Amino acid sequence: MSPRIALISATTAAIGPAVAGLAEEFPQADPWNLLDDKLLPDAESSGGVTPQLADRVRRLIAHAADSADAVLLTCSMYGFIAEESSVIPVLAPDAAAFEQARARRSLLVVASLESALHDTLSRLDHPNATGVVSSPADIADACRAHTVDAVLLAQYSLTPYAPKLDIPVISGPRSAAAKLKAVVTT
């Protein structure tokens, strides 16, 4: 039986890249999509993640734990909840990517939103990381303007643009899928 991986998303834009990451790195996984498309707007209107919103994600994780072998949270805003204990493995969206990124000498973090760039740089804690905000269509040009060892895509929704880059790319979906495979199959 294929391992079932619950993908808990706060936006539909994260679902495709997360499923594609599993298909590439963990093809035997059976993705199960759980979407609460009000998590981001509710956090924005409340000035951040409130205890009630965090509890909502915890309830989604508890629901997933009934039928899944592991959970991947695809929204970094709620990633801190992955560190709490659960009956099944729960992975933050960028934890595995951050592990890979920290091993690089120099790194360019690319985001399409200033808030995503700031959030990623503050949590990454890499001494030689720089960041740039770019529209998805201009990511390749933005990357060519920097000399670095690798690029870290700060958002799942940017993953489809990775093949256009002529530099090693670290993306949350692929890194998370590889980590899930290691955790679930060992």
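The values are calculated or read from the model by the stated rules, or taken from the named source; none is laboratory data. Given the structure is predicted, the values throughout are model-derived calculations rather than measurements. Here the Cβ is made from the backbone with ideal geometry for all residues, glycine too, and neighbour counts use every protein chain on show.
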request  = Mind counting the residues in the stretch 20-68 that are acidic (Asp, Glu), in a helix (DSSP H, G or I) and surrounded by fewer than 18 Cβ atoms within 10 Å (Cβ to Cβ)?
outcome  = 4
message = Restricting to the stretch 1-19, and then to whatever is of a type in the set (Ser, Thr, Tyr) and closer than 13 Å to Cys75 by Cα, can you tell me which residue is surrounded by the fewest Cβ atoms within 10 Å (Cβ to Cβ)?
response = Thr12
ask   = Among (1) touching a strand residue (DSSP E or B) at 6+ places or on another chain (Cβ under 6 Å); (2) crowded, with 19+ Cβ neighbours inside 10 Å; (3) not β-branched (Val, Ile, Thr), which single condition is Asp94 missing?
value = (1)
remark   = Going through the stretch 97-116 in order, the residues found to be touching a strand residue (DSSP E or B) at 6+ places or on another chain (Cβ under 8 Å) and hydroxyl-bearing (Ser, Thr, Tyr) are Ser106, Ser112
key: In the stretch 22-41, the residues that are in contact (Cβ under 8 Å) with a residue 24 or more places away in the chain and closer than 16 Å to Asp69 by Cβ   = Leu22, Glu25, Phe26, Gln28, Ala29, Asp30, Pro31, Trp32, Asn33, Leu34
key: Failed criterion for His63 (all others in (1) touching a helix residue (DSSP H, G or I) at 6+ places or on another chain (Cβ under 9 Å); (2) more than 22 Å from Ser171 (Cα to Cα) hold)   = (1)
request  = Find all pairs meeting these conditions: Cβ atoms under 6 angstrom apart; at least six residues apart or on different chains; first residue within the stretch 1-12 and touching a residue at least 12 places away in the same chain (Cβ under 8 Å); second residue of a type in the set (Asp, Glu) and part of a loop (DSSP other than H, G, I, E, B).
outcome  = Pro3/Asp69; Arg4/Asp69
Scope the stretch 97-106; condition within 17 Å of the chain's Cα centre (by Cα) and crowded, with 18+ Cβ neighbours inside 10 Å; matching residues = Ala97, Phe98, Gln100, Ala101
key: Residues located in the stretch 114-129, provided they are over 16 Å from Gly172 (Cβ atoms) and charged (D, E, K, R)   = Glu114, Asp125
request  = Could you check how many residues of the stretch 147-164 are touching a helix residue (DSSP H, G or I) at 6+ places or on another chain (Cβ under 7 Å) and part of a loop (DSSP other than H, G, I, E, B)?
outcome  = 2
query = For Ala54, are the conditions met, namely being within 15 Å of the chain's Cα centre (by Cα), small (Gly, Ala, Ser) and at pLDDT 95 or above?
reply = no
Odd one out for Ala101, checked against (1) closer than 28 Å to Val71 by Cα; (2) out of contact with any His (no Cβ under 7 Å at 6 or more places or on another chain) = (2)
query = For residues in the stretch 110-151 being in contact (Cβ under 8 Å) with a residue 40 or more places away in the chain and closer than 20 Å to Phe80 by Cβ, which is surrounded by the fewest Cβ atoms within 10 Å (Cβ to Cβ)?
reply = Leu113
ask   = Restricting to the stretch 165-182, what's the tally of residues that are surrounded by 15 or more Cβ atoms within 10 Å (Cβ to Cβ) and assigned to a helix (DSSP H, G or I)?
value = 10
